[in-house]
Every structure is written in C-alpha cells, then in structure tokens.
Amino acid sequence: MIEVETRVKLPFLWGRAVFKKNNWNQVNIMVGPNGSGKTLLAEELGKQFCEKGFQVDFLRSERVNQDELLSKLKEDDSIREKIEGVISNMFGKTIRFEKRPDGSVVPMVVNKAWGVEYSLSDGECHGLKEILTLLVALYGLKSDVLILDEPELHLHPQFQYFFMNEIRKVAAEDSRRIFFLITHSPYFIDLRFAEDLIGVVVCHVNRVPTSIDYLSEKDEILFRRFLPRFNTYHKQFFFSDNQIFVEGYTDQQMFTNLLDCLESHYGTAGTGVIDVGGKDELGVFFKVCSLLGTDGRIITDLDSLFAGKLRDVVCEDERVVSWLEKQSEKQMPFYRMLFTRRELETPVTLEKLIYKLESYIVAVGKSVCEIDFSISPEIDIFIEKLRALYDKYGKPEGLDTFKAVVLMGILRLNEKLKDILPIPLARTIPLIINATWFILAAIEGARVYILPLGCIEHYYIHSDVNYMPITAKDRLFHNEVEVMVTETPEELKKHYGALVEILKKACAK
C-alpha cells in the first residue's frame with residue numbers, strides 16, 4: 001500500500017463535498033457511469049501526485065500521442081523486441097520500420113502467415129494499434145504514475161485480460177510504479193485479494209466519489225472467501241448505482257421481465273438485476289456496496305430474516321440504526337408490549353427485534369405441531385409442512401426455514417390461527433404481525449426488500465405453491481416464464497402487482 005494524501009474539489013460535479021483518499025494500491029481502478037467525472041478526477045489526482053514529486057504520464061482516451069508513443073518502437077530495441085514477441089504470439093505478425101524519402105519513419109506490419117506487409121496506420125485493425133500503444137506506454141514510459149483512460153477501447157476481452165496481467169507483472173517488478181485505470185470494462189476489475197478493493201474508486205453522478213481506505217480483519221476474511229466466486233457478470237454493479245441483487249436466476253429473470261412494467265422507463269435506465277448465487281453471497285455484495293458507497297439494492301426471501309451474512313450486516317447498517325433511533329419515542333408503547341422492562345433498559349436494535357420475533361414464532365410453531373385433529377384444508381397444509389420439518393430434522397426450531405414457514409403461516413392465516421391456539425399464544429399473533437412489518441420497514445432503510453410471502457415461487461400465478469422449502473423449482477419457473485414473456489406490461493402489472501410494487505421501491509432513487 002502507498003500512502004499519498006489527496007483532496008479533490010470539483011464543485012460543479014459534487015457541490016461542496018471533497019474527495020479524500022490517503023491509501024493507494026499500485027494498481028487502482030476508477031469506475032462509474034458516464035458523466036460521473038472519472039477523467040476529471042484522474043486529472044486532479046495526477047496534478048496532486050505531480051506536486052508531491054511523482055512523475056506522471058496520462059494516456060488519454062483520444063490517444064492523441066499515439067504516433068509519438070509508437071516511435072519508441074524504433075528508438076528502443078528492448079521494447080520493440082518485447083512487444084514483437086507479444087504480437088507475434090497474439091496475431092502472427094511483427095513490426096518493422098520503413099524510412100521514407102522525406103526522412104520520416106513509418107511502422108509496417110508484417111503478416112508472417114501470408115508473407116505480406118502493409119502500413120500500420122492504413123491497413124491494420126484498431127485492436128492491434130491499441131494493444132501496441134498500451135504496451136509501449138506500459139513498457140516504455142518510465143514515469144512513477146501512469147494514468148490510462150479507457151484501456152479497453154477496441155480490445156477483445158481476452159486482450160483486456162492479457163493487458164491487465166501485464167500491468168500486474170510490471171507493478172510486481174517495480175514497487176515504485178503506480179497505475180490508474182479509468183474503465184467501463186468488467187475485465188479490468190481484477191480483484192485477486194481483499195486489499196485490491198482499496199484501489200477501487202467509484203464515481204457517481206452528482207455526488208462525491210467513494211472508496212475504501214481500510215479493511216477490517218473481519219472484512220478481509222469475508223472477501224477472501226468471496227472473491228474466487230466473483231465473476232465478470234457480478235462486476236456490473238461497479239459501473240452503476242442502480243443495480244439490484246437477488247439470490248438466484250429465477251428471481252433475476254422474474255424481476256428483469258417486470259422492469260418494463262414500471263411507469264417510468266427512464267427511471268430504470270442503467271438498472272440491472274444481478275443474481276449472486278445464494279443468500280450468503282447477498283450479504284457479501286451488501287457489504288461491498290456499503291464500503292464502496294454504491295447504492296446497492298437487494299430483494300431477498302423471507303428466510304434471510306433469520307440467518308446468514310445479510311442479516312448480520314443489515315443489523316449493523318447505520319441507516320437501519322438511524323431509522324430505529326428516530327422511531328424510538330413513537331414506538332415505545334409498542335416496544336412495551338414486546339419487551340420486558342429489563343429488556344428495555346438497553347436500546348432496541350434490529351437484532352433485538354428479530355430475536356424477540358423469533359421467540360414468538362418458535363412458540364407458535366411448536367404449539368401448532370401439537371394439534372392432532374383436522375381443522376380446515378388451509379391449516380392442515382400448514383401443520384403438515386411443519387410436521388415434515390420435525391420428521392426430517394428432529395428439532396427444526398433453530399432453522400431459518402422453520403421460522404420462515406411459521407411466519408408465512410401466521411401472515412396467511414392470522415385470525416384462523418388465533419382460534420386454535422392457546423389464549424396466551426393467540427394474543428401474540430397481532431404482535432408478531434406488527435413486529436414483522438415494522439422490522440421489514442426498518443430493513444428497507446438499508447435498501448433491502450424482503451419478500452413477505454416467502455420466496456419468488458409464492459408469487460407465481462400459474463402454479464399453486466405452499467410454504468418452504470420448494471421442490472421442482474426449475475420446472476415451476478419455466479412453466480411461469482413461458483406465459484409471462486407473452487404478456488403485455490399492463491397484464492404483468494395486473495398479475496404480478498405485489499412484485500411490481502417491491503420492484504418500484506427498489507428502483508426508487
């Protein structure tokens with residue numbers, strides 16, 4: 001890590017706020033949507049590094065100095081030989097320089113496969129010119145700081161990977177060199193170690209850029225486990241503040257199809273729905289977004305309320321803490337119904353609320369399973385599902401699935417359950433329902449939206465799905481989506497109104 005204090009003010013981009021960062025990596029990535037000021041920020045950073053004694057070179061996206069850079073191929077044999085080896089392997093071509101009568105020197109491309117040659121400027125593709133320019137800048141410019149604007153221009157993804165690896169090699173060979181890459185390409189988001197996140201600067205439209213200066217030991221452990229599964233598809237969120245994260249591909253497809261239902265298509269511009277591959281991964285993405293200052297949104301299943309990394313990080317989120325503090329006085333009569341006097345001697349936190357909710361839910365679930373007579377089809381299905389969990393796990397009360405199923409039953413059956421429960425437990429049903437909606441509202445303060453019906457399958461209209469866990473998810477999804485893709489936005493809003501409302505909240509600025 002390299003310590004260089006920087007302070008950048010750009011009032012016309014982000015008002016009175018000041019971008020401050022002291023800790024830099026050797027390789028730093030600047031990302032964000034168009035118009036967020038990445039290049040302007042890089043220029044200011046370049047000036048400040050220069051003022052502190054660093055020699056700075058800036059390869060701009062216009063590549064106005066391309067010919068000047070390419071002339072180094074003629075002047076420096078070692079650079080030319082190194083680059084010739086690269087392009088020979090990549091393209092089966094090499095470079096020679098031809099002297100013209102006027103004294104100028106023209107780079108010529110030799111295609112070894114066909115034994116022909118032609119002028120680099122007249123006959124070669126943009127990709128070869130670009131990789132040549134980038135490699136000359138990387139190998140030939142010996143400045144302390146090299147800023148590269150849009151190095152992905154005209155480059156195939158495999159060449160973007162190659163060039164990023166070359167930057168890593170040069171940085172490893174010379175610990176004094178610092179690189180800044182201004183990019184829109186996920187192929188340059190090369191995060192191999194947790195500390196690589198410190199080198200990411202995220203620019204935003206109309207607000208100050210954000211970055212990480214320090215990672216706690218806990219965060220490092222979390223990211224070390226996560227990064228091997230962090231793929232190019234996941235990296236979309238670095239380039240927009242409007243990304244929504246969901247658990248799996250069925251959620252991703254459902255919500256993507258519903259984006260067109262929202263009243264303002266412009267409001268969803270740049271919005272993407274990204275599936276992360278599991279509930280625990282949602283917690284990691286939430287943490288990354290929080291640290292980097294991106295406005296990540298999450299839509300997740302009801303069982304996320306009772307276990308996993310997402311619950312842990314949401315409980316610690318400052319937005320949730322602040323929301324609950326503002327509600328404290330107003331909600332005190334409700335808190336007195338939930339908690340004992342001794343429990344109220346300490347502040348009411350989200351974690352405390354969820355623990356209390358769990359205790360009520362478990363008590364109801366145990367009591368329901370002891371009912372040994374048929375009451376009604378709705379209640380019988382509920383009892384059957386809970387008993388199946390007992391048969392499978394013996395003591396399922398600690399499972400997030402068990403708690404989610406009980407809560408789903410309470411929200412669905414409400415008064416019908418009160419009629420069959422012992423009076424003390426029946427009295428907790430309204431408390432459970434009110435506490436649930438209060439908790440979900442608090443969590444929304446952190447831009448996390450929980451599906452109160454359970455999971456995405458409970459919103460299907462072409463299948464009858466009862467409680468968790470759901471079997472044959474893939475078949476149910478394909479049955480649903482085959483009809484869904486044929487419907488108009490008006491029909492989708494009518495059939496999936498509850499999901500559309502959740503999506504509206506997630507897309508709101």
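The values are calculated or read from the model by the stated rules, or taken from the named source; none is laboratory data. Quantities reported herein were computed from a predicted structural model and do not represent experimental measurements. Quick reminder, even Gly has a Cβ in these numbers, built from the backbone with ideal geometry, and neighbours come from all protein chains shown. Surface areas here come from the heavy atoms of the whole protein model, side chains and all, with no ligands, DNA or RNA. Shrake-Rupley method; radii C 1.70, N 1.55, O 1.52, S 1.80 Å.
A few points about this structure:
Okay, residues lined up against (1) surrounded by 15 or more Cβ atoms within 10 Å (Cβ to Cβ); (2) in a helix (DSSP H, G or I); (3) β-branched (Val, Ile, Thr):
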site: Val321; (1), (2), (3): yes, yes, yes
site: Glu325; (1), (2), (3): no, yes, no
site: Phe334; (1), (2), (3): yes, yes, no
site: Leu344; (1), (2), (3): no, yes, no
site: Ile371; (1), (2), (3): yes, no, yes
site: Leu417; (1), (2), (3): yes, yes, no
site: Leu425; (1), (2), (3): yes, yes, no
site: Leu431; (1), (2), (3): yes, yes, no
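- Across region 226-238, the number of residues qualifying as exposed (fewer than 13 other Cβ atoms within 10 Å of the Cβ) and in a helix (DSSP H, G or I) comes to 2.
- Count of region 3-22 residues, restricted to those that are in contact with a Ser or Thr (Cβ under 9 Å, 6 or more places away or on another chain) and either assigned to a helix (DSSP H, G or I) or surrounded by 15 or more Cβ atoms within 10 Å (Cβ to Cβ) (or both), is 3.
- Filter pass, Glu329 being modelled with pLDDT under 95 and either surrounded by fewer than 16 Cβ atoms within 10 Å (Cβ to Cβ) or in a helix (DSSP H, G or I) (or both): yes
- Matching entry among Asn479, Asn466 (being of a type in the set (S, T, N, Q), within 22 Å of Thr300 (Cβ to Cβ) and open to solvent by 30 Å² or more (accessible area, probe 1.4 Å)): Asn466
- When Gly454 is tested against (1) open to solvent by 20 Å² or more (accessible area, probe 1.4 Å); (2) part of a loop (DSSP other than H, G, I, E, B), exactly one condition is not met: (1).
- Residue, modelled with the lowest pLDDT, within region 207-221, restricted to residues that are open to solvent by 30 Å² or more (accessible area, probe 1.4 Å) and among the aliphatic types (A, V, I, L, M): Ile221
For every residue, the table says whether it meets (1) in contact (Cβ under 8 Å) with a residue 40 or more places away in the chain; (2) among the basic types (Lys, Arg).
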{"site": "Ala404", "(1), (2)": "yes, no"}
{"site": "Glu415", "(1), (2)": "no, no"}
{"site": "Leu421", "(1), (2)": "yes, no"}
{"site": "Pro424", "(1), (2)": "no, no"}
{"site": "Arg427", "(1), (2)": "no, yes"}
{"site": "Pro430", "(1), (2)": "no, no"}
{"site": "Trp437", "(1), (2)": "no, no"}
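- Counting only residues that are part of a loop (DSSP other than H, G, I, E, B), surrounded by fewer than 20 Cβ atoms within 10 Å (Cβ to Cβ) and on the phi < 0 side of the Ramachandran plot, region 186-206 holds 5 of them.
- Qualifying residue in region 291-307 (condition: open to solvent by 40 Å² or more (accessible area, probe 1.4 Å), hydroxyl-bearing (Ser, Thr, Tyr) and closer than 29 Å to Glu220 by Cα): no
- Of the residues making up region 136-150, those that are open to solvent by 10 Å² or more (accessible area, probe 1.4 Å), assigned to a loop (DSSP other than H, G, I, E, B) and within 15 Å of Glu173 (Cα to Cα) are Leu141, Lys142, Asp144.
- Lone qualifier among Glu325, Glu329, Glu318, Glu358 - being among the acidic types (Asp, Glu) and within 17 Å of Leu407 (Cα to Cα): Glu358
- Qualifying residue in region 239-252 (condition: part of a helix (DSSP H, G or I), open to solvent by 20 Å² or more (accessible area, probe 1.4 Å), out of contact with any Ser or Thr (no Cβ under 9 Å at 6 or more places or on another chain) and more than 22 Å from Ile189 (Cα to Cα)): yes
- Top-ranked residue in region 48-86 [being touching a Leu at 6+ places or on another chain (Cβ under 7 Å) and outside any loop (DSSP other than H, G, I, E, B); ranked as modelled with the highest pLDDT]: Asp57
- Single condition Leu411 does not satisfy, out of (1) assigned to a helix (DSSP H, G or I); (2) modelled with pLDDT under 95; (3) open to solvent by 20 Å² or more (accessible area, probe 1.4 Å); (4) closer than 30 Å to Tyr459 by Cβ: (2)
- Within region 391-411, considering residues that are of a type in the set (D, E, K, R) and within 33 Å of the chain's Cα centre (by Cα), the one nearest to Lys366 (Cα to Cα): Glu397
- Of the residues making up region 346-367, just one is in a helix (DSSP H, G or I), in contact with a helix residue (DSSP H, G or I) (Cβ under 9 Å, 6 or more places away or on another chain) and without any contact (Cβ under 8 Å) to a residue 24 or more places away in the chain, namely Lys352.
- Failed criterion for Ala137 (all others in (1) hydrophobic (A, V, I, L, M, F, W, C); (2) in contact with a strand residue (DSSP E or B) (Cβ under 7 Å, 6 or more places away or on another chain); (3) under 15 Å from Glu84 (Cα atoms); (4) modelled with pLDDT under 85 hold): (4)
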